[in-house]
Amino acid sequence: MRILVIGGGWYGCHLALALVHAGFEVTLAEAEARLFARASGHNQNRLHLGLHYPRSHRTRTQALYGYHHFLSAYPGLSSEVPHNIYAVAAEGSLVDLGTFLQVCEASGIDTVPVDPESVGLRNVEGAVACSERLILTDLAREYFRRTLYRHAQTGYAVHHIAKLKNRLAVDGQTYDWVINTTSFAFRAPRNPSHWFEPTVLFIYRTVEPFVGRTIMDGDFVSIFPYQDRAVSLSSVPLSPQGQFATYAEARNRLDSLTASDLTALRRRMEAQARVFCPAFDDLYSPVGVQLSIKTKMLDAAAARLCMVLQEGREIHVFPGKIDAIFTAEDAVFDILESDGDVGAQDGADDVAAAVYGLAHRPAADVASAHRLQTARRMRLEGWRSAAG
């Protein structure tokens, strides 16, 4: 079975590797000159436990499910954040401290109360520490470059997909399946509820050991370790630069930002950060800016769910957080395992949707993660036998 995966970010690379291990003939197409060239290489690189989403149970569940799987599957591609702090703002938060702590406990997320002033925070109701990790993007890019070197084609932008009987023709090549992991930047399914969000983060050198400071829950800031004694600063109201119907429009917005625009934006974000971290200017020195484009779905709960949508023999993966790659893997394999039923859907007008943000399989501890990992290996072994 021949499968084309479009997009060389976290979702595309992980799915391509899982399919290769399962014995499929896989091609990975990445339009840029290297892997992780877009959103996967330009974000806060946080391996989430789910605390960031107290109003979305489904997002927290996907994060927990993926967190332990990530540590098992990619043990060398993340590092510990020694002091990772979540604090609930004293004013303006959409959840209070008690609710936040109840959500963490009910979700199986281990937290430890900390004195906010001991970690340099003011104007917060309370704070907790938890064990989220930093994803090492450069190492991940190199890992997938090596493991997928026979399969990845960088600098290859897919132009045309045509439906055949039970197959797809892509730029003159025939595939049994096409998996689109470009966050709808290429060939979105018929789903009107998404938009493209150009985003700005600022990078700072720091004089302290790695400390993450995330202010909850609403229009606040997040300071998270980046790499090489640096941190990133993001702001819920200020980092997004609008909502656009197309990727090209979002790209044009980022390209239109001048140096003076970025300086003014950085100063506004720093002023917002100083409300909660008064020593911000002493701790951090600006060294750069990071521009990226996110795709988001309309959701009142501020969810960041992974969803998988099937249109005939095209599978569209809408990414959630990075650790939801395993939710996407489960969904894709479920679709492939039901291959015998797909022929009737080819050419259908309706989207056959497997929305894996609605069905969740929690892995709240390492033991259950190992059990799920064993189940995945057994499934892959079955696919190898079938492919052989």
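Every number in this text was worked out from the coordinates using simple rules, so none of it is lab data. Small disclaimer: the values here were computed from a predicted structure and weren't measured. Because the Cβ atoms are built from the backbone with ideal geometry, glycine has one as well, and the counts that use them run over all protein chains shown.
Remark: the chain projects, on average over all directions, an area of 18.4 nm² (convex hull of Cα atoms). Cα-Cα pairs above 20 Å in region 1-93: how many percent? Tail of the P(r) past 20 Å holds 53 percent of the pairs. Set the Förster distance to 35 Å, then compute FRET efficiency between residue 257 and residue 79 from the Cβ-Cβ distance, nearest 0.05. Approximately 0.70, to the nearest 0.05.
Think of it as helices only: each DSSP H run of n ≥ 4 in the chain is worth -39500 (n - 2.57), and spread over all residues that comes to -9500 deg cm²/dmol at 222 nm.
The base-10 log of I(q)/I(0) for region 166-228, evaluated at q = 0.13, 0.21 Å⁻¹, reads -0.69, -0.99 [Debye formula, identical scatterers on Cα atoms, solvent excluded]. Dipole check for region 129-253: with +1 at the C-beta of Lys and Arg, -1 at the C-beta of Asp and Glu, and the Cα centre as origin, the magnitude is about 580 Debye. Note that region 51-94 shows a convex hull volume over its alpha carbon atoms of 73 Å³ per residue. For the chain, a Gaussian network of Cα nodes joined below 10 Å ranks 127, 328, 271 by mean-square fluctuation, and the top entry is 271. Taking label positions 7 Å along the Cα-Cβ direction at both residue 248 and residue 142, the computed distance is 3.8 nm, reported to one decimal. With a cut-off of 13 Å between beta carbons, the residues surrounding residue 140 carry a summed charge of +2, where Lys and Arg count +1 and Asp and Glu -1. Counting neighbouring Cβ atoms within 10 Å and putting the fewest first, the residues 321, 165, 294 line up as 165, 294, 321.
Per residue, the average separation of C-alpha pairs within less than 8 Å and at least 6 apart gives the chain a relative contact order of 25 percent. When 179, 135 are sorted by how many other C-beta atoms sit within 10 angstrom of their C-beta, beginning with the fewest, the order is 135, 179. Given their separation in residues at 0.36 nm each and the Cα-Cα distance between them, residue 187 and residue 287 gain 32.4 nm when the chain is fully extended. Within straight-line reach of residue 165, meaning a Cα separation under 20 Å, sit the following aspartates and glutamates at least 8 residues removed in sequence or on another chain: 25, 176, 311, 314, 337, 339, 341, 346, 349, 350. What the Cβ-Cβ distance of residue 236 and residue 279 gives, at R0 = 22 Å and to the nearest 0.05, is a FRET efficiency of 0.55. For the chain, a simple Cβ point-charge model (Lys and Arg +1, Asp and Glu -1, everything else neutral) yields a dipole of about 760 debye relative to the Cα centre.
By the rule of a C-alpha distance below 27 Å, with chain neighbours fewer than 8 residues away ignored, the lysines paired with residue 321 are 294, 296.
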